[in-house]
Amino acid sequence: MFINPILIMGISAWAIAQVLKFIISIIAFRKVDIQYLYTGGGMPSSHSALVCACSAGTAFATGLSSPLFAIVTLFSFIVMYDAANVRRETGRQSKILNYITKDWDDIPPEVMDRQLKELLGHTPLQVLVGAVLGIAVGVIGGLLAYR
């Protein structure tokens, strides 16, 4: 039977973050939007939760001084930087482009068949909350799987 505790921790942290994102969106916007169960962006960052759970789980499995923990942790920082900067900036650009093209009648319909997705990246707070959630899932999973 295939059981990989670190994989389970990562997927669990991602799923918890997505459910929290859905609940927070209901509270914040006072409407149910199923999209928040599978979309990127929003609070908390499921990307950060996933990679931090993997990092914390790897720490339990291999130790803090292992090369694998170092690699996974550095990978986590790259993912979180991307979520908070590159993807967030892409979302800002999408908002501007959607605004510019909203009333632009001269653009052929096939070019403007749908709006660009604006909720792509995360604020630093969203990344931090996702990281804390992921570390918590990784620590709890590590304690259950490796102690």
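A few remarks follow.
- Residues satisfying the stated conditions in the stretch 16-48, i.e. in a helix (DSSP H, G or I) and touching a residue at least 60 places away in the same chain (Cβ under 8 Å): Ile16, Ala17, Leu20, Ser46, His47, Ser48
- Residues of the stretch 57-68 that are closer than 13 Å to Ile135 by Cα and not polar (S, T, N, Q): Gly57, Ala59, Phe60.
- Just one of the listed residues (Leu37, Leu64, Leu68, Leu74) is closer than 27 Å to Arg147 by Cβ, surrounded by fewer than 21 Cβ atoms within 10 Å (Cβ to Cβ) and touching a helix residue (DSSP H, G or I) at 6+ places or on another chain (Cβ under 8 Å), and it is Leu68.
- Among the residues here, Ser66 qualifies as of a type outside the set (A, V, I, L, M), modelled with pLDDT of 85 or more and touching a Ser or Thr at 6+ places or on another chain (Cβ under 8 Å).
- Check on Ile96, in a loop (DSSP other than H, G, I, E, B), at pLDDT below 90, over 18 Å from the mean Cα position of the chain (by Cα) and more than 20 Å from Ser25 (Cβ to Cβ): no
The values are calculated or read from the model by the stated rules, or taken from the named source; none is laboratory data. Note that the structure is a prediction, hence the values are computed from the model and not measured. All Cβ positions, glycine included, derive from the backbone under ideal geometry; neighbour counts span all protein chains shown.
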